[in-house]
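Each remark here refers to the structure printed beneath this line.
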Amino acid sequence: MIRTDPEWAYWYAMDVMKQRWPEAEPMILTDPAWAYWYARDVMKQRWPEAEPMIRTDPERAYWYAMDVMKLNEMQARKWSKGRD
């Protein structure tokens with residue numbers, strides 16, 4: 001179940017492994033919210049491979065741009081709308 005559900009994979013990487021879990025990343029990449037949280041909380045850096053998926057969710061894209069990319073509010077709004 002852990003490797004087949006993005007939420008469980010995130011929590012396992014975050015709470016048990018306390019580091020990236022490359023084997024689970026393809027599953028995490030299937031959900032924009034969990035991909036955002038994984039980049040923010042586990043990787044603590046940009047995750048370019050996940051950015052197209054994260055951008056499918058405007059709210060997560062905005063927070064990814066603010067929290068992970070460290071863009072200002074105006075830049076984050078543009079990025080989250082696909083206008084970088």
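Structure above, values below:
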| quantity | calculated |
| --- | --- |
| Residue in segment 16-24 that is in contact (Cβ under 8 Å) with a residue 24 or more places away in the chain and more than 16 Å from residue 84 (Cα to Cα) present | no |
| Residue tally, condition over 14 Å from residue 47 (Cβ atoms) and under 13 Å from the mean Cα position of the chain (by Cα), over segment 15-25 | 0 |
| Candidates 2, 28, filtered to the one that is over 13 Å from the mean Cα position of the chain (by Cα) and surrounded by 13 or more Cβ atoms within 10 Å (Cβ to Cβ) | 2 |
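For every residue, the table says whether it meets (1) surrounded by 13 or more Cβ atoms within 10 Å (Cβ to Cβ); (2) over 13 Å from the mean Cα position of the chain (by Cα); (3) modelled with pLDDT of 95 or more.
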position	(1), (2), (3)
36	yes, no, yes
48	no, no, yes
62	yes, no, yes
76	yes, yes, yes
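The values are calculated or read from the model by the stated rules, or taken from the named source; none is laboratory data. Keep in mind it's a predicted model, so treat the numbers as computed, not measured. Here Cβ is always computed from backbone atoms with ideal geometry, including for glycine, and neighbour counts include all displayed protein chains.
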